[in-house]
Amino acid sequence: MSRPLISVQNLTVRFRTDEGLVTAVDGASFELRDGEILGLVGESGSGKSVTAKSLMQLNAGNTSYGPESRIILRDDETGGEIDVLSLKKARDMKVIRGGSISMIFQEPMASFAPAITIGDQMVEQLLLHTSMTKRQASEFSIEMLQRVGISDASQRFAQYAFELSGGMRQRAMIAMALSTRPKLLIADEPTTALDVTIQAQVIDLMKDLVAEFGMAILFITHDLGVIAQTADRVAVMYLGEIVETGPVRQVIRAPAHPYTKGLLHALPRLDDLDATLTPVAGDIPSPLERPSGCVFHTRCPEIIAGRCEANLPEIASLGAGHDVACFAVSSPEETTA
Amino acid sequence: MTGKPLITVRDLSVHFSIGGALLGQKNIVRAVNKVSLDITAGTFFGLVGESGSGKTTLGRALLKAVPISEGHVEYSDNGVHYDLNAMSARDLKEYRKRCQLIFQDPYAALSPRMTVRDIIAEPLEVMKLTNSREETDERVRAIATKCRLNLEHLRRYPHAFSGGQRQRISIARALVCNPRFLVADECVAALDVSIQADILNLLKSFQEEMGLTFLFISHDLSVVAHTCDRVAVMYLGQLVEVAETEKLFFSTRHPYTKALLSAIPLLDPDAKHKTIKLEGEIPSPTNPPSGCKFHTRCAFARDKCRAKEPALVVKGENHFVACHFADELMDENGQAGSA
């Protein structure tokens, strides 16, 4: 198998705050290959966005990474690899930011500068990160706008963000993120602020672009339906830990971790209108008071007394790339049935 | 549906004028345009549509929180009758005791400077519904228990609570004056799925135990499908389809409803998903299209749609559709249940 594009190993992220050290991500590991879409799901506060921002070192100044945390990016130019977390100077980070990795955010209105035209913002980053001339950059930007399905692209190019509708803005954001030809696109809740009809358009667009450009996408969302329709693999996060990861079909049809099962039972489904919605019992604990042992044991319906409170479950493989961290499903025989 | 309507709406329009008379031109936004509907007492009535379709404005008009431009809204419950067009200031105060609103964002809806107890007690004090502090406290505790709030938390401030707990506080405040009718405006949109399920179950239990009537406004069709008894679909200020939930989702008549349903991302990764692509976005309500408002995005649009506006007419039992070709489209699609 070819080398993964990016490999995250044992990522731990802590923030120094007035209330003490808050652990946002605890020992998360995953890999992404070229052309693969990995969905990252979890409730708010589970550490999805912090994980994504770590890949570009975009977390705030009070962040400390664990000593064993590694984010290794394959470097195709030298054939070597880049250790992202070891980069300290903004100048060195050019290989990542605007280079190998691009990111799009939930609220496109907040991501565009309001007083600069869409076109100028697209051209600016191309001048910074590529060797294009200004004219080439303009032409290329208009071409990218057309590519993401914006009509009258040359007219839109000269407009400001507020003149565009929500769906159009998100398309422009995607065009801008892809114009530097990144190998990895991080999409942080890209469709959450959009209506379902526009969401469907944006999802189709992103799938087409993967087929065309071959980049990998880390797709962050809280919506399991969106994940089912886009991702190849999915990782479920709870309180900063990845509790289950696997191929999307496997995880949605045969979830192994009690938390994943809980999320699926809480979701209103259109194929069974009379099903009762079952919320996951209890509230998500404060990150300042992380439970001992398995982080989910305070809300878990399958808790094994004496074991889950005390010990941290190891990640066990259920085969076919399906991994789960839970004592209740540790042996593969039980789950093959 | 055989029950008596609690809320009767006839040809309701809410228009806002924008732009200065200074420039000599005045634009009128037709946020709600000639809407008629009945909300049966004791039911969950769902209202869905894209952003900008006028859902919120319609909800607020029923509470007389926005001025009604044309048409009638009437409330009648066991001999108590209000006509929102002819209402004195005193009547309006009485009406507000019966009709309350639950907001979308539980972070913005609660004052950070008031304790939870004061937040929940405020409607009682403002409307002078209790005679003593003891009585107020008693009612606050009773409703807090019903909303599954910890009574020890009443002394705390909202910042100490999570989104789901805040939404329960917000619901407790809306319910403390014993209203009969609640407008829940996107009240689960800002919540995680697990908390969303919890809040929906709570609201349903109030419907069953206290016989409350809800207007449930949401953009999330799967949430509406699970909660509501009857659903209305809104597009550019008008209702395009109204039916019992089962009928709306499984014998869909209007092409817009079909497109909305087909756009929902399904949980089955292999679902044969025939997404009906809607071109472009919802047109501006200042300059709505001629004829059928949906014709600019409709795959079945013909000349008649551009020229003449379809009326909301009965097609089947209690099933209303505003489409010239509803019968033909039904035939083409067989069962038509694309979800």
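The values are calculated or read from the model by the stated rules, or taken from the named source; none is laboratory data. Here the structure is a predicted model, which means the values were calculated and not measured. For neighbour counting, all protein chains shown are included, and Cβ atoms are generated from backbone atoms with ideal geometry for every residue, glycine included.
In this structure, is B:His295 touching a Pro at 6+ places or on another chain (Cβ under 8 Å), buried (at least 17 other Cβ atoms within 10 Å of the Cβ) and free of Cβ contacts under 8 Å to residues at least 24 places away in the same chain? Let's see the steps before the verdict.
Numbers: touching a Pro at 6+ places or on another chain (Cβ under 8 Å): yes; buried (at least 17 other Cβ atoms within 10 Å of the Cβ): yes; free of Cβ contacts under 8 Å to residues at least 24 places away in the same chain: yes.
In short, yes.
Within region B:232-249, the presence of at least one residue that is within 13 Å of chain A (Cβ to nearest Cβ), over 30 Å from A:Tyr238 (Cβ atoms), aromatic (Phe, Trp, Tyr) and assigned to a helix (DSSP H, G or I) is confirmed.
Filtering region A:151-180 to residues that are surrounded by fewer than 21 Cβ atoms within 10 Å (Cβ to Cβ) and among the aliphatic types (A, V, I, L, M) leaves A:Ala153, A:Ala158, A:Leu164, A:Leu178. Give me the pairs, please: first residue somewhere in region A:90-111 and more than 18 Å from A:Tyr160 (Cα to Cα), second residue anywhere and surrounded by 18 or more Cβ atoms within 10 Å (Cβ to Cβ) and at pLDDT below 80, beta-carbon distance under 7 Å, and either six or more positions apart or on two chains. Pairs found: A:Gln106/A:Ala193.
Yes/no per residue for (1) within 23 Å of B:Met114 (Cα to Cα); (2) in contact (Cβ under 8 Å) with a residue 12 or more places away in the chain; (3) of a type in the set (D, E, K, R); (4) surrounded by 19 or more Cβ atoms within 10 Å (Cβ to Cβ):
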site	(1), (2), (3), (4)
B:His153	yes, yes, no, no
B:Ser170	yes, yes, no, yes
B:Phe181	no, yes, no, yes
B:Ser205	no, no, no, no
B:Thr213	no, yes, no, yes
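Taken over region A:244-287, the residue count meeting the criterion of being without any contact (Cβ under 8 Å) to a residue 12 or more places away in the chain, within 22 Å of B:Pro269 (Cβ to Cβ) and of a type in the set (D, E, K, R) is 6.
Table: residues versus (1) more than 12 Å from the chain's Cα centre (by Cα); (2) surrounded by fewer than 24 Cβ atoms within 10 Å (Cβ to Cβ).
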{"position": "A:Ile203", "(1), (2)": "yes, yes"}
{"position": "A:Val210", "(1), (2)": "yes, yes"}
{"position": "A:Ile227", "(1), (2)": "no, no"}
{"position": "A:Gly246", "(1), (2)": "yes, no"}
{"position": "A:Arg249", "(1), (2)": "yes, yes"}
{"position": "A:Ile252", "(1), (2)": "yes, yes"}
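For region A:222-337, please list each of the helices (runs of 4 or more DSSP H) lying entirely inside it that holds at least 1 residues being away from every other protein chain (no Cβ under 12 Å) and at pLDDT below 85. Spell out the reasoning first.
Details: elements: A:224-230, A:248-253, A:258-266, A:332-336.
Once the helices (runs of 4 or more DSSP H) in region A:222-337 are filtered for at least 1 residues that are away from every other protein chain (no Cβ under 12 Å) and at pLDDT below 85, what remains is A:332-336.
For region B:123-137, the set of residues classified as in a loop (DSSP other than H, G, I, E, B) and surrounded by fewer than 18 Cβ atoms within 10 Å (Cβ to Cβ) consists of B:Met127, B:Lys128, B:Leu129, B:Asn131, B:Ser132, listed by residue number. Taken over region B:88-124, the criterion of being over 28 Å from B:Ala144 (Cα atoms) and either under 23 Å from the mean Cα position of the chain (by Cα) or hydroxyl-bearing (Ser, Thr, Tyr) (or both) is satisfied by B:Ser88 alone.
If I filter region B:267-289 for residues that are among the hydroxyl-bearing types (Ser, Thr, Tyr) and farther than 17 Å from A:Thr191 by Cβ, do I get at least one hit? Within region B:267-289, one or more residues are among the hydroxyl-bearing types (Ser, Thr, Tyr) and farther than 17 Å from A:Thr191 by Cβ.
With respect to the conditions (1) in contact with a Leu (Cβ under 6 Å, 6 or more places away or on another chain); (2) basic (Lys, Arg); (3) under 19 Å from A:Gln201 (Cα atoms), B:Lys277 falls short on a single one, namely (1).
Taking the stated definitions as given, is B:Thr130 in contact (Cβ under 8 Å) with a residue 12 or more places away in the chain, more than 29 Å from B:Leu37 (Cβ to Cβ), away from chain A (no Cβ under 14 Å) and over 26 Å from the mean Cα position of the chain (by Cα)? Against the criterion (in contact (Cβ under 8 Å) with a residue 12 or more places away in the chain, more than 29 Å from B:Leu37 (Cβ to Cβ), away from chain A (no Cβ under 14 Å) and over 26 Å from the mean Cα position of the chain (by Cα)), B:Thr130 does not qualify.
The number of residues in region A:173-219 being outside any loop (DSSP other than H, G, I, E, B) and away from chain B (no Cβ under 14 Å) comes to 19.
Please give the strands (runs of 3 or more DSSP E) falling wholly within region A:57-139 in which 2 or more residues are aliphatic (A, V, I, L, M). Strands (runs of 3 or more DSSP E) meeting the threshold: A:70-74, A:101-104.
Among the residues in region B:163-186, are any on the phi < 0 side of the Ramachandran plot, outside any helix (DSSP H, G or I) and modelled with pLDDT under 90? No, every residue in region B:163-186 fails to be on the phi < 0 side of the Ramachandran plot, outside any helix (DSSP H, G or I) and modelled with pLDDT under 90.
Has region A:181-201 got any residue that is free of Cβ contacts under 8 Å to residues at least 60 places away in the same chain, farther than 17 Å from B:Ser262 by Cα and either crowded, with 21+ Cβ neighbours inside 10 Å or of a type outside the set (S, T, N, Q) (or both)?
Initial filter on region A:181-201 (free of Cβ contacts under 8 Å to residues at least 60 places away in the same chain): A:181, A:191, A:194-201.
If we keep only those that are farther than 17 Å from B:Ser262 by Cα too, we end up with A:181.
Among the residues that remain, those that are also either crowded, with 21+ Cβ neighbours inside 10 Å or of a type outside the set (S, T, N, Q) (or both) are: A:181.
Yes - at least one qualifying residue is present in region A:181-201.
Strands (runs of 3 or more DSSP E) fully within region B:1-100 that include at least 3 residues being surrounded by 17 or more Cβ atoms within 10 Å (Cβ to Cβ) and in contact (Cβ under 8 Å) with a residue 24 or more places away in the chain: B:5-18, B:27-40, B:44-48, B:70-77. In region A:50-63, the residue that is farthest from A:Thr192 (Cα to Cα) out of those that are modelled with pLDDT of 90 or more and among the small types (Gly, Ala, Ser) is A:Ser54. For first residues located in region B:258-279 and within 7 Å of chain A (Cβ to nearest Cβ), partners that are modelled with pLDDT under 80 and assigned to a loop (DSSP other than H, G, I, E, B) and lie 6+ apart or on another chain with Cβ distances below 7 Å form the pairs B:Ala259/B:Ile276; B:Ala259/B:Leu278; B:Ala263/B:Thr275; B:Ile264/B:Ala339; B:Leu266/B:His273.
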